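What follows is a single structure, written as structure tokens, with notes after it.
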Amino acid sequence: MIYNPTYRAAHTVAAEVEAIFAGYLNSARESGEEDLAPLPSSIIIETIIDAAFWASIRKEEGHSPKISLAFLPPVQAGNPLLFRQRLPLSPNALVKIAPGIERAGIHLGIWQEEDELYIWGTTTSIPNFCFVVDVSEPALLVIKHRRIYGFGKFTNIAVLKGDQIKIVEGNITKLPDCPPILLSLLDLTAPSYWNDTVNVMIQLAVSMRSHQRGGTLLVVPNGSGNWLQSIIKPVQYGIQPSFCGLSNLLRQERKEASQIFWQTALRREVEHLAGLTAVDGATVITDEFELLAFGAKIGRAKGKDLIEDISFVEPIAGGGAVSMHAAKVGGTRHLSAAQFVHDQNDAMAMVASQDGHFTIYSWAASQQRVQAHRIDTLLL
């Protein structure tokens with residue numbers, strides 16, 4: 001039985017996604033990179049996206065599927081789990097198998113033979129620039145690939161939400177004063193090791209977003225107490241002395257044999273710190289990841305003006321910098337974070353909204369004002 005795609009957004013985005021992956025793979029080959037994934041054609045891309053979309057809006061025993069589909073042959077999958085009989089790539093097959101593969105890091109392998117796509121099994125290992133479609137929630141798909149170096153979050157290419165299409169725009173990194181966390185999320189060649197502080201910041205952002213309660217994380221310079229000028233006293237949950245669980249872990253020298261245990265410990269510390277952002281108020285850490293306070297109430301520093309216009313940027317096609325009033329980015333949590341950075345130019349704020357939006361606030365020296373980068377498209 002031939003599967004015919006009917007999801008319009010899949011057809012709309014397929015050719016552009018093929019061109020993006022073709023560009024990445026060509027550049028990687030010219031640089032001498034190895035273990036590169038095959039390039040999917042636009043028809044393959046459309047078919048995989050279509051099947052994933054229709055599967056996402058179905059339920060199995062009351063649960064919506066959360067699956068990851070990867071286009072690669074079994075020979076490139078390291079130590080694959082192979083099905084004795086191939087499964088057809090169809091929404092029905094995906095929904096039925098979804099409960100067994102929804103854990104993070106497990107991909108359902110898709111390959112083609114005689115112009116027919118089929119499911120061959122599962123894998124936890126995929127080659128560089130492998131085409132991956134994640135089903136995050138009903139009607140929400142994320143097209144991504146694994147970073148070519150080290151560990152860390154996959155790099156997102158596009159996000160499809162129903163009939164909405166967002167293509168990630170990497171040229172945003174050329175804007176002046178682009179924060180390091182955004183550079184790392186968009187720069188495909190940047191190393192992303194577990195002990196890299198920017199990568200740890202990304203893990204904190206992902207963890208903050210995942211608890212779905214909303215939260216604010218303020219990052220202030222180590223050794224400076226200026227941030228207290230922008231906090232209402234008394235601080236309900238001040239930490240004395242500062243808690244150094246995450247910072248001490250990052251300073252440790254690790255042997256190759258203990259790497260997996262260190263990564264587990266790092267995940268635990270990241271979850272611990274990010275969990276505190278669910279408490280009403282802001283969590284405050286230093287740029288060396290020492291915890292100073294949580295549940296802190298932000299106020300305007302003495303002698304500082306109320307923040308007005310900021311520069312708002314979303315790293316998607318058509319999402320270039322625009323000027324808007326700070327109150328239009330989000331609610332009170334966003335406005336207070338923007339005011340904090342306006343008063344404390346050497347600080348950064350990360351704000352997770354309950355609706356899934358995630359925004360980074362930093363000071364743009366070239367513009368002499370606060371800039372807000374909406375990055376939830378990159379964190380999915």
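Whether a residue is under 18 Å from ILE126 (Cβ atoms) and either part of a loop (DSSP other than H, G, I, E, B) or open to solvent by 10 Å² or more (accessible area, probe 1.4 Å) (or both) was assessed, and GLU16 does not pass this test. The sole residue among SER230, SER224, SER242 that is in contact (Cβ under 8 Å) with a residue 60 or more places away in the chain, of a type outside the set (Lys, Arg) and touching an Asp or Glu at 6+ places or on another chain (Cβ under 7 Å) is SER230.
Being open to solvent by 10 Å² or more (accessible area, probe 1.4 Å), out of contact with any His (no Cβ under 9 Å at 6 or more places or on another chain) and at pLDDT 90 or above is true for just one of ILE285, ILE316, ILE298, ILE307. Which residue is that?
Working: ILE285 fails: open to solvent by 10 Å² or more (accessible area, probe 1.4 Å); ILE316 fails: at pLDDT 90 or above; ILE307 fails: out of contact with any His (no Cβ under 9 Å at 6 or more places or on another chain).
From the options ILE285, ILE316, ILE298, ILE307, the qualifying one is ILE298.
Please report, ordered by residue number, the strands (runs of 3 or more DSSP E) entirely within the range 271-380 with at least 1 residues that are free of Cβ contacts under 8 Å to residues at least 60 places away in the same chain and among the hydroxyl-bearing types (Ser, Thr, Tyr).
On the way: elements: 282-286, 291-296, 309-313, 322-325, 348-352, 358-364, 369-374.
Strands (runs of 3 or more DSSP E) meeting the threshold: 322-325, 358-364.
Return the only residue of LEU266, LEU250 being at pLDDT below 90, open to solvent by less than 20 Å² (accessible area, probe 1.4 Å) and either of a type outside the set (Phe, Trp, Tyr) or part of a strand (DSSP E or B) (or both). Write out each step before concluding.
Working: LEU250 fails: open to solvent by less than 20 Å² (accessible area, probe 1.4 Å).
Of the residues listed, the single one that is at pLDDT below 90, open to solvent by less than 20 Å² (accessible area, probe 1.4 Å) and either of a type outside the set (Phe, Trp, Tyr) or part of a strand (DSSP E or B) (or both) is LEU266.
In the range 143-177, which residues are open to solvent by 60 Å² or more (accessible area, probe 1.4 Å), farther than 21 Å from PHE71 by Cα and at pLDDT below 75? Scanning the range 143-177 gives ASN171, LYS174, LEU175, PRO176. When the range 319-370 is limited to residues that are of a type in the set (D, E, K, R) and farther than 16 Å from THR277 by Cα, the one that is surrounded by the most Cβ atoms within 10 Å (Cβ to Cβ) turns out to be ASP343.
The values are calculated or read from the model by the stated rules, or taken from the named source; none is laboratory data. Note that the coordinates shown come from a computational prediction; the quantities given were computed from them, not determined experimentally. Backbone-built Cβ (ideal geometry, glycine too); neighbour counts: all protein chains shown. With ligands, DNA and RNA removed, areas are computed over all heavy atoms of the protein, side chains included. Shrake-Rupley method; radii C 1.70, N 1.55, O 1.52, S 1.80 Å.
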